[in-house]
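Novice: Sharing a structure here in structure tokens format.
The values are calculated or read from the model by the stated rules, or taken from the named source; none is laboratory data. Keep in mind the model is a prediction, meaning the values are calculated, not measured. Cβ sites come from the backbone with ideal geometry, for glycine too, and all protein chains shown count toward neighbours.
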Amino acid sequence: MDFRQTVLEEGMYIFQRHGIKNLTMEAILAHLDISKGTLQGIAKSKEALLDQCVDAALTSRQAHFAGLVEVATNEVEAIMQLLHSNLKALSGHHPAFLPDLKTAYPACWDKMQEFSNNYLLDTLENQFSAGKKQQLFNPEINTTLVSQLLIAQTYAILETNVLNDKEDNFNAVFKLAIEYYLRGLLTEKGLQLLDKITAHKAPDEVLNSL
């Protein structure tokens, strides 16, 4: 990873953990531990830095998601991995982070929405469609609608602030909001696969062991 990429990765972490509107350039420099001149070689303003951080984060996330799908042994596992990783990537933020994006930095918010409503939506749809052909999901489900609802559920979880920094909290929320929803879409064959994946393990333990 080159220096610019490191700055953008760390910058995104800073924005996520501290919010955006009330974060000054001086504070950003202090967190990054670099000089103003060094940062200006990458971005001239906080808005420009945020824009580049969002671009870098979404590019990294897309590559990560593609890797998850590639190594998954079946569509149930792939969908669980995608939804778990997507929620994990968006969790742990400062309560003001997403509201700041929506209200003060709409161009960056639009990029995140475009990622969810295009790349992630298409990826989930493809996995659900393949899963239906493998008789893992109910043949009557609307793959587009189901995918849209699961993405919307992720944002609903974040907006209700039910997540906190504790790992057991994340696992419980994921199980209640995502895993139980998926169970209602699976055939008996699909349920057997999901039971094997999740048997006696928390979601993080399951997905890290796959």
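Novice: Need the failing condition index for residue 98 against (1) assigned to a loop (DSSP other than H, G, I, E, B); (2) among the hydrophobic types (A, V, I, L, M, F, W, C); (3) more than 19 Å from residue 181 (Cα to Cα), just the number.
Specialist: Every listed condition holds for residue 98 apart from (1).
Novice: Next question, about the same structure. Is there a residue being part of a loop (DSSP other than H, G, I, E, B) and at pLDDT 95 or above anywhere in the range 102-109?
Specialist: yes
Novice: Just to check your reading of the model, which residue among 39, 68, 50 is of a type in the set (A, V, I, L, M, F, W, C), more than 21 Å from residue 106 (Cα to Cα), crowded, with 17+ Cβ neighbours inside 10 Å and touching a residue at least 24 places away in the same chain (Cβ under 8 Å)? Quick ask: steps written out before the conclusion?
Specialist: Details: 68 fails: touching a residue at least 24 places away in the same chain (Cβ under 8 Å); 50 fails: more than 21 Å from residue 106 (Cα to Cα).
So the residue among 39, 68, 50 that is of a type in the set (A, V, I, L, M, F, W, C), more than 21 Å from residue 106 (Cα to Cα), crowded, with 17+ Cβ neighbours inside 10 Å and touching a residue at least 24 places away in the same chain (Cβ under 8 Å) is 39.
Novice: Now for a separate question. Considering only the range 126-151, how many residues are surrounded by 12 or more Cβ atoms within 10 Å (Cβ to Cβ) and over 15 Å from residue 76 (Cβ atoms)? Outline the logic, then answer.
Specialist: Keep residues of the range 126-151 that are surrounded by 12 or more Cβ atoms within 10 Å (Cβ to Cβ), which gives 126-132, 134-138, 141, 143-144, 146-151.
So of that shortlist, the ones also over 15 Å from residue 76 (Cβ atoms) come out as 144, 148-149, 151.
Residues in the range 126-151 being surrounded by 12 or more Cβ atoms within 10 Å (Cβ to Cβ) and over 15 Å from residue 76 (Cβ atoms): 4 in total.
Novice: Still on this structure: Against the condition in contact with a Leu (Cβ under 8 Å, 6 or more places away or on another chain) and of a type outside the set (Phe, Trp, Tyr), how does residue 127 come out, does it pass? Break it down into steps so the answer makes sense when it comes.
Specialist: Working: in contact with a Leu (Cβ under 8 Å, 6 or more places away or on another chain): yes; of a type outside the set (Phe, Trp, Tyr): yes.
Spelling it out, residue 127 is indeed in contact with a Leu (Cβ under 8 Å, 6 or more places away or on another chain) and of a type outside the set (Phe, Trp, Tyr).
Novice: Still on this structure: Determine if the range 44-52 includes at least one residue that is in a loop (DSSP other than H, G, I, E, B) and of a type in the set (Ser, Thr, Tyr).
Specialist: In the first step, residues of the range 44-52 are kept if they are in a loop (DSSP other than H, G, I, E, B); the result is 44-45.
Now narrow it down to the ones that are of a type in the set (Ser, Thr, Tyr): 45.
Yes, because at least one residue in the range 44-52 is in a loop (DSSP other than H, G, I, E, B) and of a type in the set (Ser, Thr, Tyr).
Novice: Right, another one. Of everything in the range 83-105 that's in contact (Cβ under 8 Å) with a residue 12 or more places away in the chain and over 23 Å from residue 166 (Cβ atoms), which residue is surrounded by the fewest Cβ atoms within 10 Å (Cβ to Cβ)? Quick ask: steps written out before the conclusion?
Specialist: Going through the range 83-105, the residues in contact (Cβ under 8 Å) with a residue 12 or more places away in the chain turn out to be 83-98, 100-101, 104-105.
From the residues that got through so far, the ones that are over 23 Å from residue 166 (Cβ atoms) too are 100-101, 104-105.
On the way: 100: 21, 101: 24, 104: 14, 105: 19.
It comes out as 104.
Novice: Further, regarding this structure: Whether any residue in the range 158-165 is modelled with pLDDT under 95 and assigned to a helix (DSSP H, G or I) is what I want to check. Spell out how you get there, then give the answer.
Specialist: Of the range 158-165, the ones modelled with pLDDT under 95 are 158-165.
From the residues that got through so far, the ones that are assigned to a helix (DSSP H, G or I) too are 158-159.
Yes, the conditions are met somewhere in the range 158-165.
Novice: Would you pick out the residues in the range 1-17 that are of a type outside the set (Phe, Trp, Tyr) and in a helix (DSSP H, G or I)? Quick ask: steps written out before the conclusion?
Specialist: Initially, the range 1-17 is screened for residues of a type outside the set (Phe, Trp, Tyr), giving 1-2, 4-12, 14, 16-17.
Across the range 1-17, the qualifying residues are 4, 5, 6, 7, 8, 9, 10, 11, 12, 14, 16, 17.
Novice: Mind counting the residues in the range 10-25 that are free of Cβ contacts under 8 Å to residues at least 24 places away in the same chain and within 17 Å of residue 109 (Cβ to Cβ)? Write out each step before concluding.
Specialist: So in the range 10-25, the residues free of Cβ contacts under 8 Å to residues at least 24 places away in the same chain come out as 10, 13-14, 23-25.
Next, from what is left, pick out any that are within 17 Å of residue 109 (Cβ to Cβ): 23.
Number of matching residues: 1.
Novice: Condition first: surrounded by 11 or more Cβ atoms within 10 Å (Cβ to Cβ) and over 22 Å from residue 98 (Cβ atoms). Now tell me which residues in the range 17-31 satisfy that. Explain how you work it out, then say what you get.
Specialist: Pass one, the range 17-31, residues surrounded by 11 or more Cβ atoms within 10 Å (Cβ to Cβ): 17-21, 23, 25, 27-31.
29, 30 - these are the residues of the range 17-31 that are surrounded by 11 or more Cβ atoms within 10 Å (Cβ to Cβ) and over 22 Å from residue 98 (Cβ atoms).
Novice: Which pairs turn up if I take residues in the range 173-187 that are within 21 Å of residue 133 (Cα to Cα) and look for partners that are in a strand (DSSP E or B) and modelled with pLDDT of 95 or more with beta carbon separation below 8 Å, at least 6 apart in sequence or on another chain?
Specialist: Final answer for the pair search is 185/137; 186/137; 187/137.
Novice: Mind counting the residues in the range 99-118 that are out of contact with any helix residue (DSSP H, G or I) (no Cβ under 6 Å at 6 or more places or on another chain) and either among the basic types (Lys, Arg) or under 17 Å from residue 155 (Cα atoms) (or both)?
Specialist: Number of matching residues: 10.
Novice: Would you please name the residue that is nearest to residue 4 (Cα to Cα), looking only at residues in the range 25-43 that are outside any helix (DSSP H, G or I) and touching a helix residue (DSSP H, G or I) at 6+ places or on another chain (Cβ under 8 Å)? Quick ask: steps written out before the conclusion?
Specialist: Here is the first cut: in the range 25-43, the ones outside any helix (DSSP H, G or I) are 33-35, 41-43.
Among the residues that remain, those that are also touching a helix residue (DSSP H, G or I) at 6+ places or on another chain (Cβ under 8 Å) are: 34-35, 42-43.
On the way: 34: 12, 35: 14, 42: 7, 43: 10 Å.
The selected residue is 42.
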